[in-house]
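Written below as structure tokens is the structure these notes are about.
Just so it is clear, none of the values below were taken in a lab; they were calculated from the coordinates. This is a predicted model, so every value here is computed, not measured. Neighbour counts are summed over all protein chains in view; Cβ atoms, including those assigned to glycine, are modelled from backbone coordinates with ideal geometry.
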Amino acid sequence: MERKTISNAVIKRLPRYYRYLGELLESGVERISSNDLSRRMKVTASQIRQDLNNFGGFGQQGYGYNVKFLYEEIGKILGVNQRHNMIIIGAGNLGQAIANYGNFEKRGFLVKAMFDINQELIGKYFGGVLVLDMKEMECFVKSHDIQIAALAIPKQKAEEIAHKLAECGVKGLWNFAHTDLNLEENVMVENVHLSESLMRLSYRIAQSEQT
């Protein structure tokens, strides 16, 4: 059976659905209509129905969505119902900020270690995560079933380290290095550019001041 191709726009909205449904669950909401979800998410009800229909729909006309069921099903689609072992490459300010973020484990992402070449950082803990020497990275990845690596390193080293990680069996790279990575190996890459997000905000401010 041919797998249906899902657009990037839909994929980008799925984590938002998951987050909002989680908030509804915490508030004790059991059912919600696409119209009510639309008002909360600032996405049209029609768009919500179209997005969810890509995966089977999950709702009943006149009855809405069971919040717990939909939350769990979207979690399965996103893969967060599984455990993903993860490492952070780079223990500088950005790497430390990632390690200190407390919600990863709740989402199934277990940060197993950090790696750096700075001898002053090796042996320290950030967010409960131990910093190891970069020399240990390849052996650690292979022995701890690491699926994901966050790259918080200068762009000059990013591609070299990315290829090493791919060779060790890492399946996904969360890339904060200031360069886009596109590997030929069977590795998924999510390139994150913080400055671009800030510039989009700047654009919106500039446009609002012109009206």
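Near residue 142, which lysines are there with a Cα under 27 Å away, not counting those fewer than 8 places off in the same chain?
Hits, sequence-local ones excluded: 76, 106, 112, 124, 155, 157, 164, 171.
Once the dipole of region 61-140 is set up with Lys and Arg at +1 and Asp and Glu at -1 on Cβ about the Cα centre, which of 84, 127, 65 lies farthest towards its positive end?
65
Contact order normalised by length for region 59-194, with contacts defined as Cα pairs under 8 Å and 6 or more residues apart; what percent is it?
Result for region 59-194 is 19 percent.
Would you pull out the residues with amide H under 5 Å of residue 113's amide H, same chain only if 5 or more places away, H placed 1.01 Å from N?
Result for residue 113 returns 88.
Got a sec to turn the phi values of region 11-21 into Karplus ³J(HN,Hα) couplings, 6.51 cos²θ - 1.76 cosθ + 1.60 with θ = phi - 60°, whole Hz, x for Gly and Pro?
Each residue of region 11-21 in turn: 4, 5, 7, 4, x, 5, 4, 4, 5, 5, 5 Hz.
Rounded to the nearest 500 deg cm²/dmol, what is the calculated helix-only ellipticity per residue at 222 nm for the chain, with -39500 (n - 2.57) per DSSP H run of length n ≥ 4?
Working: 8 runs with 93 residues, N = 211.
For the chain, the value works out to -13500 deg cm²/dmol.
Using 0.36 nm per residue, how much length does the chain from residue 40 to residue 209 gain when fully extended, once their Cα-Cα distance is taken away?
Stretched fully, the residue 40-residue 209 segment lengthens by 58.2 nm.
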